[in-house]
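Working notes, beginning with the structure itself.
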Amino acid sequence: MENSRKSVQLEENNVEYLTLLGTIYNMGRSVDSSEIVFNKILKIDSTDINAYYNLGQLYEAKQPLKALEA
């Protein structure tokens, strides 16, 4: 996880690095951090389907009605 954070610090708008970090947060049960990262991706690229998919999965577990909006 530390290497992913460093990568994002070096290139904070790199969507691939952010996706990896968000996935790692999700796997580590840091759902709130994962949500923040995936929302940041959507601010960079509002067409990133993977970010929408990952947010949908997070919301499905956390807030089922919000998953329908993602």
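The values are calculated or read from the model by the stated rules, or taken from the named source; none is laboratory data. A quick note: this is a predicted structure, and the numbers were derived from the prediction, not measured. Glycine gets a Cβ as well: all are built from the backbone with ideal geometry, and neighbour counts include every protein chain shown. SASA here: full protein model, heavy atoms, side chains in, ligands and nucleic acids out. Shrake-Rupley method; radii C 1.70, N 1.55, O 1.52, S 1.80 Å.
A few comments on the model shown:
- Rounded to the nearest 20 debye, the dipole size of the chain about its Cα centre is 200 debye, using +1 on the Cβ of Lys and Arg and -1 on the Cβ of Asp and Glu.
- Protein accessible area in the chain, 1.4 Å probe - carbon and sulfur %: 51
- Cα gyration tensor, the chain - rounded (a/c under 1.5), prolate or oblate: oblate
- Net charge, R29 excluded, C-beta distance under 13 Å - Lys, Arg +1, Asp, Glu -1: -1
- Taking packing as the residue-averaged number of other Cβ atoms within 10 angstrom, the listed peptides 1-12, 34-45 run from highest to lowest as 34-45, 1-12.
- Subtracting the Cα-Cα distance of N39 and Y53 from 0.36 nm times their residue separation leaves 3.9 nm of extension gain.
- Between 0 and 90°, nearest 10: helix 15-27 axis offset from the chain longest Cα axis: 60
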